Amino acid sequence: MLGPDVQRVTLVGGSWGKGWLVRFDDGWRWEPQVDLDLNQTRFATNWTAAQPAPQLRLRAVITLPWDSAEELEVTPARRRDLKDKLPFSRLAGAVTTLSLRRGADLRAANWDPGPNRNAIDSVSYSATVAALDGRPALNGAVMASLPGALQSATVTCAEVAIQDAAAWAAVLPPGTSTKLTLEEMASVLLAAWETAADVLPAAACDVTTMRWAGPPTVELRVSAEGPHDQPRGNLDTLIDLSELGPTDRSSLPEMAVTITVSPMLVDTERRQVLRRALVRMLQGFGYVEADEHLFT
């Protein structure tokens, strides 16, 4: 028997892995312990088929296997609320800040439907920063899909992409580099995680009332892409990886890490987990000297 003063019980093993039973006002709920691995989730590349593909994509893909989620839907009122929040989201701020740090005020202020599907079970909105000639330069996007015949979990995704580095350079002060720093990479992934975890799920439900039906995950992905009929680029041409030390990888078009965690964390805890996850990702993809001081 557990006394009334017991708030958390540690669980080891089981089909869901390590976790806790946590006492809430309405009873006990299972919550996962943080775990990191390099396995790609089933939904890692959802919403990536559009052409032309960006030169660089940084995204957070969150899998939310909620119990009794079959009846969830995106109501008109919740959709309007989401559209109102997006221009002020951390993701919009991340897109804008990339240019502000390079001396240009290019805001991700207008979030339009698409380019993916919008319906009662799906969400897709994006904001594009374009060059004067209309070429897309930077892009922020959010997507979500609710459980249905082809998937049993709610999946959300937020991403920032460099569509065309040359187009971006054309609207920056002359000679400005478009290479991202490691700090910028981390900041964008943090913004994507926060938006996918704290903003998008609210379009379908009150997350505080939901219970897990399996372990939730956050997958952080960084990928060099480009036209499908051409070889993929290397990440070190788009992100400055020189601080990471030597690597034995001659070609590195993508990196990713999957975190088993309850995604809706307070900011301080999310930052701590993000740092651990990025170090695990970098070490797993050949930068064996990487450590957390890079992201403090």
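Modelled this way, with points 7 Å down the Cα-to-C-beta line, the labels at His228 and Phe24 are 4.1 nm from one another.
Taken one residue at a time, the phi angles of the range 281-296 give Karplus couplings (6.51, -1.76, 1.60, θ = phi - 60°) of 5, 5, 5, x, 10, x, 9, 6, 8, 5, 8, 5, 4, 5, 10, 9 Hz. Gly and Pro are set to x. Structural descriptor for the range 241-296: relative contact order 49 percent, calculated from alpha carbon pairs under 8 angstrom and at least 6 residues apart. Would you mind telling me the share, in percent, of accessible area of the chain contributed by carbon and sulfur at probe 1.4 angstrom? Roughly 51 percent of what the probe reaches on the chain is carbon or sulfur. Selection among Phe43, Met255, Ala127 by position relative to the dipole of the chain gives Ala127 as farthest towards the positive end (Cβ unit charges, Cα centre). Between Asp206 and Arg117, the modelled label-to-label distance comes to 2.9 nm, taking each label 7 Å out from Cα in the direction of the beta carbon.
A simple charge model with +1 on the Cβ of Lys and Arg, -1 on the Cβ of Asp and Glu and nothing else charged puts the dipole of the range 141-237 at about 160 debye relative to its Cα centre. When only the Cβ of Lys, Arg, Asp and Glu is charged (+1, +1, -1, -1), the dipole of the chain relative to its Cα centre reaches about 220 debye.
For the range 100-105, the Karplus equation 6.51 cos²θ - 1.76 cosθ + 1.60, evaluated at θ = phi - 60°, returns couplings of 4, 5, 10, x, 10, 9 Hz by residue, with Gly and Pro reported as x. Springs join every pair of Cα atoms under 10 Å in this Gaussian network model of the chain, and among Ile162, Ile239, Ile259 the largest mean-square fluctuation is at Ile239.
In this simple spin-label model, placing a label point 7 Å from the Cα along the Cα-to-Cβ direction at both Ala109 and Gln272 gives a separation of 3.9 nm.
Could you point to the label whose value was computed as Kirkwood radius over Cα pairs in Å for the structure here, given (1) 20.0; (2) 20.6; (3) 21.2? Checked against the structure: label (1). The residues of the chain expose, per residue, 47 Å² of accessible area to a 1.4 Å probe.
The values are calculated or read from the model by the stated rules, or taken from the named source; none is laboratory data. Note that the structure is predicted; figures quoted are calculated from it, not measured. Heads up, the Cβs are rebuilt from the backbone with ideal geometry, glycines too, and the neighbour counts pull from every protein chain shown. The protein model used for the area step is the full one, side chains on, heavy atoms only, and it has no ligands, DNA or RNA in it. Shrake-Rupley method; radii C 1.70, N 1.55, O 1.52, S 1.80 Å.
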